[in-house]
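In what follows, a single structure is set out as structure tokens and then discussed.
The values are calculated or read from the model by the stated rules, or taken from the named source; none is laboratory data. The structure displayed is predicted, hence computed values, not measured ones. Cβ coordinates were reconstructed from backbone atoms using ideal geometry, including for glycine residues, and neighbour counts include every protein chain displayed. Heavy atoms of the whole protein, side chains included, go into the accessibility calculation; ligands, DNA and RNA do not. Shrake-Rupley method; radii C 1.70, N 1.55, O 1.52, S 1.80 Å.
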Amino acid sequence: MSVKALIFDLDGVLTDTAKYHYLAWKKLADELGFYFDEDINELLKGVSRINSFEIILQKNNASQKFTPAEKEALANKKNEYYKEMIEQLTPDDILEGIVPFITEARKNGVKCAVASISKNAPRVLQLLKISDLFDYIADAALVKKPKPDPEIFLTCANALGFEPCECIGIEDAQAGIESIHAAGMTSVGINVAVTSVKPDIALKSTRELDFEKICNRND
Ligand code: B16
Ligand code: MG
């Protein structure tokens, strides 16, 4: 396979914003008197904001407690907490191994894109000062079907002008790995905690990202 593009998830791959998503949901859950822990947070990775809130409600047997408008308002409240928290991000928060890996890919003519369903992705990339490393950043506001649907990864491949089989997707969440496979791409999983779907290449951390090993495989 000749690799033409690398398509990166943001939260949990380029940086560890998962911890801020956790803290923001925890703050909201505490205010509402709901149970919320790291295990429930794991299920929210790669899942849209409103669907994340639905999962928290389900886990608390409270799916019927709010109207759709109230749910939206509460999910937005979480987002306000999250936005405040991410303002402390700096380039030091880019996960180890990411910049050398992307630099090597670009040197070899491989394009790079971001496939994050987070509406805060542009701000996070700006704070990390890495927006310029990417040839395309998908606009989460335009994505109709969140991961595990393949839409966001296919949008990136289309925008770059490549076939899915020429792209590698890099993800940390179960929903993201499913999205990559549904798109017909090869997947690299970074410390994927829920493992009912196996990534094609499983790594423990971004430190293990190696351009030669990932992009010049003979299979
Ligand atoms: P927002 P990714 C996802 O980003 C996160 O993993 C997920 O936890 C979050 O709920 C979702 O973005 C929406 O984010 O509320 O900021 O729009 O993993 O696709 O980069
Ligand atoms: Mg992620």
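Looking only at segment 60-76, decide whether some residue is within 17 Å of the chain's Cα centre (by Cα), in contact (Cβ under 8 Å) with a residue 12 or more places away in the chain and open to solvent by 50 Å² or more (accessible area, probe 1.4 Å). So far as segment 60-76 goes, no, none of its residues is within 17 Å of the chain's Cα centre (by Cα), in contact (Cβ under 8 Å) with a residue 12 or more places away in the chain and open to solvent by 50 Å² or more (accessible area, probe 1.4 Å). Selection over segment 151-202 of residues that are in contact with an Asp or Glu (Cβ under 9 Å, 6 or more places away or on another chain), of a type in the set (A, V, I, L, M, F, W, C) and away from ligand 2 (no atom under 15 Å from the Cβ) gives a count of 7.
If only residues of segment 110-144 that are part of a helix (DSSP H, G or I) and not aliphatic (A, V, I, L, M) are counted, the one that is farthest from ligand 2 (Cβ to nearest atom) is D132.
Here's the yes/no breakdown for (1) more than 16 Å from ligand 2 (Cβ to nearest atom); (2) of a type in the set (V, I, T):
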residue	(1), (2)
V13	no, yes
K19	no, no
A29	yes, no
Y35	yes, no
N41	no, no
N51	no, no
E70	yes, no
L89	no, no
I94	no, yes
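For segment 179-219, a tally of residues being closer than 19 Å to P150 by Cα, open to solvent by 60 Å² or more (accessible area, probe 1.4 Å) and of a type in the set (A, V, I, L, M, F, W, C) returns 1. Tell me which residues, restricted to segment 21-60, are closer than 16 Å to E72 by Cβ and away from ligand 1 (no atom under 14 Å from the Cβ). Answer for segment 21-60, where residues must be closer than 16 Å to E72 by Cβ and away from ligand 1 (no atom under 14 Å from the Cβ): L32, L57. Does A175 satisfy the criteria of being touching a residue at least 12 places away in the same chain (Cβ under 8 Å), within 16 Å of the chain's Cα centre (by Cα), over 15 Å from F8 (Cα atoms) and not assigned by TED's automatic domain parsing to the domain that holds K78? So A175 does not fit the description; no. Look at Y81 and say whether it is open to solvent by less than 50 Å² (accessible area, probe 1.4 Å) and not assigned by TED's automatic domain parsing to the domain that holds L209. Yes: the conditions hold for Y81.
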